[in-house]
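Here's the structure we're looking at; comments come further down.
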């Protein structure tokens, strides 16, 4: 009966302030504990802090001979006159300790005669009592009522040691035991309440077939909102659960006696009156409470609010399957959908169609206006494609400027009309960036297939081959795949690129561009540092960006020849302009992974520098992290050889391979060029910002300077400077231009 804390409304003992709190506390006591109070074989009185008697149970009336209505609302010492000053002092001191210490207080023994009334008038009976005074608290933690429990121990007290058996009847012993049991039960209830409040999650107990709330801890109130629960059936206390299935689950557990476990189940609560419903996700168990005869008397509810963890897992799952730029499915998720669609074909007379879409104008936008413009262009195209497909169609960004579309149960003729509609929708796009207008154009490869196709890679390869032919035939068209197209595509690709690149080298149509690398801190000196980039001037005079031909050059072993060509051209320019003495010049030159395996490259570099009069300290060679880690021993040896001549080295695209920092101890590089995938979103993505800062810190400890690629705005530049990156490179600093046209002043 101790430490009752609850929210109350009542009119008895009404009014504001302390008296109103007592009335509300009394109502709660009556609602939840009155039946236990009156059914108890022990004598109880319920008092206000000023000792006014507000209730008395039947056991106490039998013990003292009073009528209930004759004593309610009267002062304790008026109903039970004080026999002397000592007894009054003992009782008042006990009540004072209850009110000040907010804990129970006991008196044993208390000599307190009581008055019995009979036909002969008032008769005083000498009595000895065991008294326990227990505080009952309101919601604010204040003592609202006092529960006074008395046990008549007269016979026990008067019996001496030698003759105790003469006076101690079985009833006397039972009474003594009962006093001890009540104290033990009281302590047990206190421990139970403490355990419930400290439980790692929400806890509640419902009793009976209506699941009437008997107990609920603070975590449960925090979940459902602070409202009256105790003493109310669940359907009355939580009416918003109607139609959510939880009432039925409680009924099922109560009737079957079998527990129910729920995992991340959604539940809607109205946590404040008139407020909208709030969705939470909970893990929980409904555990039946059994009586000694095996019947179910209630349900123990325990669980955890896992909303934040569930939403985070959903977010991570979405990120793992979707492209962060366009919001479409990524290549991995698209592959899984395609695999499932092919499995569904087994034994069925149906056809799926697959499209491979490659934008024709993306590189022009990207090279002319920078990566930020390219990203916005891709987002726009993603929205256009999504708007012109059905929600049931599977649309994905496969990488770069390539998209995939899977149309299930769609024959070739229908798919052809859809492909043409998509081509026209992209063709109608006008992309405006900084007063420049770009049109849209897409080449689409289309393949339709049915059973017995079993390999998703073959289907995707067929659509890719058709897309390649669409580009070769003039772009901005739909090409339907035919079986004989595979060999044709392979021959065209091999013959076309091998021949075009060899011719370009012979005719010196590989041209050098440069992009400035700038210190991010002030007062870094007047030296100018540029990275050498390459472009291929096509037969028609149009510049071809590097990603259009470098993969083919690597595939056909032409990169070592291209690298030597670039080194000679760059050294020649550097020697000519260094003699002017206007300002110190530095160049960064990329070396491909194939060149790292060239045993003679280090001697070629040193001889070219000596012959052209280039100081090695003016040149930094760059290799990608992926190429370096692929053959760590060979890379470390080559870097060591070239650095002995005085050249510097940078590790490019650092972080792209998600490798550890450990191998840096074995590569004597001077710079780390942080992959642009982290730099682009450093303002919006805390993880990317933390990655960049971590790379800068580790590099600083190792004495390595850092360079950030893809610096596309002043805001990005400022953030990079603040977190300790040494240099920046990107369109916000300098747009690539022909090497012969760059300014020699920073």
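FYI, it's all coordinate maths here, none of it is from the lab. Every value quoted in this text rests on a predicted model; they were computed, and no experiment measured them. In this analysis, Cβ positions are derived from the backbone assuming ideal geometry, glycine residues included, and neighbour counts consider all displayed protein chains.
Details
- Per-selection metrics, the stretch 502-741 (Cα): Rg and Dmax in Å: 17.5, 51
- For the stretch 287-307 and the stretch 362-390, distance of Cα centres in Å: 57
- Here the stretch 658-732 and the stretch 210-237 have alpha carbon centers that stand 54 Å from each other.
- In a fully extended conformation the segment linking residue 715 and residue 744 would gain 7.8 nm over its present Cα-Cα distance, using 0.36 nm per residue.
- Along each principal axis, Cα extent of the stretch 326-483, largest first, Å: 56, 30, 23
- Residue order, fewest to most surrounding Cβ atoms within 10 angstrom, among 665, 218: 665, 218
- Each residue, residue 336 and residue 320, gets one label point 7 Å from its Cα in the Cβ direction; the gap between the two is 0.7 nm.
- Approximate spin-label separation residue 252-residue 690, in nm, with each point projected 7 Å along Cα-to-Cβ: 4.0
- Counting all C-alpha pairs of the stretch 345-412, share separated by more than 17 Å (%): 49
- Just so you know, the Cα atoms of the stretch 278-382 work out to an Rg and Dmax of 25.2, 84 Å.
- Rounded FRET efficiency, nearest 0.05, which uses the C-beta distance separating residue 556 from residue 475 and R0 of 22 Å: 0.40
- Rounded FRET efficiency, nearest 0.05, which uses the C-beta distance separating residue 698 from residue 645 and R0 of 25 Å: 0.35
- Neighbour-count order for 647, 260, 403, fewest beta carbons within 10 angstrom listed first: 260, 647, 403
- Chain lengthening between residue 304 and residue 82 when straightened (0.36 nm per residue, less Cα-Cα): 74.5 nm
- For the stretch 502-741, the relative contact order works out to 21 percent when only alpha carbon pairs closer than 8 Å and six or more residues apart are counted.
- Normalised by the number of residues in the stretch 213-278, the mean separation of alpha-carbon contacts (under 8 Å, six or more apart) gives a relative contact order of 31 percent.
- Of 289, 562, the sequence from fewest to most neighbouring Cβ atoms within 10 angstrom is 289, 562.
- Both radii are taken from the alpha-carbon atoms of the stretch 199-311; with Rh as the Kirkwood radius, Rg/Rh is 0.95.
- Taking 7 Å steps out from each Cα toward its Cβ at residue 420 and residue 349 produces label points 2.8 nm apart.
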